[in-house]
Structures are given as structure tokens and as C-alpha cells.
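This report concerns only the one structure given below.
The values are calculated or read from the model by the stated rules, or taken from the named source; none is laboratory data. What you are looking at is a predicted structure, and each value in this text was computed from that prediction instead of being measured. Cβ placement follows ideal geometry from the backbone for every residue including glycine, while neighbour counts extend to all protein chains displayed.
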Amino acid sequence: MNEHARPLTLSERADELEEQMMQALNERIITKSVLFRMADGRVEIDNGQALLAANPGKHFLMGADPRLPEMPEKPTLIDFFKARFASTSHMLQSATHALKGGHSEKIVLACLLHDIGVASFIRCDHGYWGAQMIEPYVEEEVSWAVRMHQALRFFPDPSVGYEYPQMYVKFFGADYRPEPYIVAEYERAEPQMVHERAADHAQRHLFLRSGCQGRSQRLRRHHRPQFQAAEGGAGL
């Protein structure tokens with residue numbers, strides 16, 4: 001549907017003005033992704049020919065966006081925190097709690113990265129997206145923890161002092177129930193973690209659940225799950 005066939009909303013008019021200003025200030029045409037437009041409830045893609053006609057003499061941008069801070073040739077995680085991630089206070093807070101609690105480096109790293117999907121890409125299914133983003137660069141326990149915290153955060157566990165966060169009641173409503181795939185993920189993970197807790201209480205490899213209650217983080221500690229697909233482990 002042609003969006004100009006109806007009056008534009010205030011948000012759409014602001015987007016249009018922003019895009020006009022953006023194109024006027026750049027030598028190349030900077031497009032917006034379908035994912036970007038979906039955030040405003042629109043499923044559409046920039047029309048290349050129309051954009052070229054509206055910007056005579058310009059070409060499409062194929063390199064780094066000049067509006068963003070320049071990244072070093074070999075960027076580190078710190079560089080992404082500084083120049084590419086949105087609000088990171090929650091992630092830093094979580095990692096600080098783990099560090100002060102004397103947890104292992106893997107737990108601290110998992111806490112630091114658990115919401116990387118939200119901070120750098122997308123809110124929906126952020127645990128799964130985040131795990132895939134970091135999987136090539138971290139050990140398996142870390143990416144597994146980032147993936148699974150999305151499901152495990154919805155399920156109280158008195159054995160480690162974790163209650164359902166009241167913030168979730170405020171955010172999602174008291175009648176919210178996780179989607180079936182979230183419940184299934186939890187059910188696949190929990191038996192393995194219970195087995196690990198019973199089998200060995202030594203401070204070896206810990207698994208965290210990250211839940212937010214007010215401004216505080218509650219760390220859920222479980223021993224490392226066994227990554228055996230044949231036993232029904234959650235695949236990455």
C-alpha cells in the first residue's frame with residue numbers, strides 16, 4: 001500500500017523529514033532496512049529507482065555509515081560497547097554483580113553479554129539472536145547461557161532464591177504466559193541443570209540465569225549443562 005494514500009502520522013512525518021535531511025547532508029543515499037520499518041508497523045523496502053530519481057547524481061552507500069563513530073581496523077568488544085551498542089548499563093550492572101560475587105570469568109562474561117541482542121540488534125527473541133552473534137567468539141557455556149536466559153528468566157526457582165520479577169508483571173501484565181517454544185526450551189534445559197546440581201556442588205563451571213527485579217540483578221547459579229543433542233539438550 002502506498003503510505004501517501006493516507007495522512008502520515010506524526011512519527012512518519014518525522015521519519016520523512018529525517019530522511020530528507022540525511023540525504024541532503026550525504027553524498028550517497030543511505031537506505032533503511034525492512035527490519036527498521038517493521039519497528040513502525042510497516043512491511044516495505046526502499047524503492048531503489050525512486051530513491052535514485054529523488055536524489056539525482058547520487059549513488060547508494062555501500063560502506064560504513066558516516067554518521068556513526070569510526071571503528072578501528074581491528075575492533076575489540078570494548079569498541080563495540082563504546083561505538084555501536086545502545087544502552088549498556090543493565091549489562092554492565094549484571095557483570096559487576098557477578099564480579100563482586102566472585103564468580104568465574106565465564107559467568108562474568110555471560111552476564112556482560114546476556115542482553116547484547118537488545119543492545120545492538122533487536123528486542124524480540126534477544127537471547128537467541130545474542131547467542132548466535134557471540135557464538136563464534138566465546139566458549140560454549142557462555143553462548144548457551146545467553147541463549148537460555150531468555151526462557152529461564154520466566155520460571156521461578158526457590159532453590160537459588162529466584163522469584164518471578166515484579167518488573168515483568170509491570171511490563172507484560174499479571175496474565176502473561178510465555179510462548180510455547182519458551183516453555184519447551186525451559187523444559188529441555190531444567191532436567192539437565194537439576195541433574196548437574198545433584199551430581200556435583202563444586203564451584204566449577206556455573207550457569208547463570210539473569211533476571212531483573214527493580215534495579216537489581218539476581219544471579220541464578222547452575223552447573224554447566226552437558227551439550228549432547230541426543231539427550232535433548234537445547235541446540236544452538
Of those in region 163-192 that are part of a loop (DSSP other than H, G, I, E, B) and of a type in the set (Gly, Ala, Ser), the residue surrounded by the most Cβ atoms within 10 Å (Cβ to Cβ) is 173
So the helices (runs of 4 or more DSSP H) completely within region 85-124 holding 3 or more residues that are among the polar types (S, T, N, Q) and modelled with pLDDT of 90 or more are 89-100
Heads up, the helices (runs of 4 or more DSSP H) in region 5-71 (entirely inside) with at least 2 residues that are modelled with pLDDT under 75 and more than 27 Å from residue 81 (Cα to Cα) are 10-25
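To keep it simple, each residue is scored yes or no on (1) free of Cβ contacts under 8 Å to residues at least 24 places away in the same chain; (2) not assigned by TED's automatic domain parsing to the domain that holds residue 190.
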residue: 66; (1), (2): no, yes
residue: 103; (1), (2): no, no
residue: 137; (1), (2): yes, no
residue: 151; (1), (2): no, no
residue: 157; (1), (2): no, no
residue: 169; (1), (2): yes, no
Within region 76-102, residues of a type in the set (A, V, I, L, M, F, W, C) and either within 14 Å of residue 134 (Cβ to Cβ) or crowded, with 16+ Cβ neighbours inside 10 Å (or both) come out as 77, 80, 81, 85, 91, 95, 98
